[in-house]
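We did not get these values from a lab; they are worked out from the coordinates using the rules stated. Quantities reported herein were computed from a predicted structural model and do not represent experimental measurements. Ideal geometry is used to build each Cβ from the backbone, glycine not excepted, and the neighbour counts take in all protein chains shown.
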Amino acid sequence: MADATAFDFVCAELERATSLSLLEARGTLRLALKAAGVDARSVTAPQLRVILDKLLPGELRKRGCDDAENVCREIGVRLGSGSFDGPTADSPEAVFARLGGGSA
Amino acid sequence: MLIVAAIGGGAFVLASLVVSLRLLALARRTGELPELLIGLGLLLMGGVGYPLSTAARLLSDTPSLQTALFAFHAVLSLVGQGAVAVFTWRVFRREEPWARGVALSFMAALAGLLLWQTAAPGWRAYAATQAGPWSYLPVCSLFVLAWAGGESLVYHRKLKKRLALGLADVVTTDRLRLWAIAMLAAFTTSFVAFGLRSLGVEMTAAVTGVVVGPLGLISACAMWLAFLPPERYVTWVLAHAGKGA
């Protein structure tokens, strides 16, 4: 799991817990990320937990997943117990926070 | 109208100088590249370059000094605009090969224009006629300002979506909006001035006042609020969070 990104981890969990294929799971998660204003390449585990809580259940229900809330809650718990890279200090928001005198 | 131009242009130069020096001091403390690049860009383009090019245009009675100033301004433009291009690539599109290509090509194009002008017809000819390869500088300026403003605006839209989910900081989101405003106001000033010059319109005090005055002031205020925000402004942004930060 050390080499897998948080995004890949959630996609694999979605494939396992729902009837979606891996490709469909990735597409569904990408739609939720787009709605959240987050990129798949840079999304962090804490961001994904919020998206799992607030946006992904709706996307899954649209694709016929009846138990979307529980699926997302379980994936969120598994995500929390995993080890993934944290937010990077060179993301645009970290740089602009620093430029204004805030912490990175 | 000359007063309007002086206020707008003066505010732009002052804000560029103060903000850039603060960012360069920050770069010295943190040792990070983005603050060095943006500080250098603002200092060389707005703080020193803009007044220098204005002075050079007014010094037609002393051709040798005018030639030296135009040549020096060209070097400042190469470094300053290059710094802003590299900042935009490294901050917003760090992982994108095309963005690296754009930033490096941009610097190569500017360096090419500078070398071409130096080799022939030379800077004395440029000072006399303001024609030649270096007269294409405004095209480069428009590109780098539009790229910087556009990327910031795109990222601001993403952060606004994140704000709704509690995934972004209100003040930082506003800072990206302000940087976009500063860059796009500078772009609009350059675009209108370049367009008018291309159409053969004489840049009188009245014309300059209408263009440079208000837009220079907007750019200066946005820059100041972005990087040297007064406590009251930050409080206001926090209080109005969610109403279009």
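Listed values, structure above:
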read-out: Among B:TYR50, A:VAL95, B:LEU165 - extreme Cα towards positive end, dipole of the protein assembly as shown, charges at beta-carbon; value: B:TYR50
read-out: In degrees, nearest ten, helix A:22-36 long axis to first principal axis of chain A (Cα); value: 50 degrees
read-out: Exposure proxy ranking, count of Cβ atoms within 10 Å, fewest first, for B:THR54, B:THR235, B:THR172; value: B:THR235, B:THR54, B:THR172
read-out: Relative contact order (%) - chain B, alpha-carbon pairs under 8 angstrom, separation at least six; value: 26 percent
read-out: Among B:TRP98, B:THR235, B:GLY112 - extreme Cα towards positive end, dipole of the range B:96-245, charges at beta-carbon; value: B:THR235
read-out: In Hz, Karplus ³J(HN,Hα) per residue of the range B:190-207 (6.51, -1.76, 1.60; θ = phi - 60°; x = Gly, Pro); value: 5, 5, 5, 4, 5, x, 5, 4, 5, 7, x, 6, 6, 7, 6, 4, 5, 5
read-out: Rounded to the nearest 20 debye, dipole of the protein assembly as shown from Cβ charges on Lys, Arg, Asp, Glu; value: 380 debye
read-out: 0 to 90° range, to nearest 10: angle between helix A:68-81 axis and chain A longest Cα axis; value: 50 degrees
read-out: Averaged over B:156-168, number of beta-carbon atoms from partner chains that fall within 10 Å; value: 5
read-out: For the range B:41-96 and the range B:1-17, distance of Cα centres in Å; value: 17 Å
read-out: In Hz, Karplus ³J(HN,Hα) per residue of the range B:15-22 (6.51, -1.76, 1.60; θ = phi - 60°; x = Gly, Pro); value: 4, 4, 5, 5, 5, 5, 5, 5
read-out: Residue of B:GLY195, B:GLY80, B:GLY47 that the Gaussian network model of chain B assigns the largest fluctuation, springs spanning Cα pairs under 10 Å; value: B:GLY195
read-out: Average other protein chain Cβ within 10 Å of Cβ, residues B:28-41; value: 2
read-out: Contact order relative to length of chain A, as percent, for alpha carbon pairs under 8 angstrom and 6 or more apart; value: 30 percent
read-out: Ranked by how many other beta carbons lie within 10 Å on average, peptides A:77-85, B:157-165, B:145-153 from highest; value: B:145-153, B:157-165, A:77-85
read-out: Tilt relative to chain B, helix B:137-164 - C-alpha long axis, 0 to 90 degrees, to 10; value: 0 degrees
read-out: Unit charges on C-beta of K, R, D, E only; dipole of the range B:105-245, Debye; value: 420 debye
read-out: Average partner coverage of B:170-181, which counts Cβ from other chains inside 10 Å; value: 3
read-out: Note, ³J(HN,Hα) from phi for the range B:103-118, Karplus 6.51, -1.76, 1.60, rounded to Hz, x at Gly and Pro; value: 5, 6, 5, 4, 5, 5, 5, 4, 4, x, 4, 5, 5, 4, 4, 5
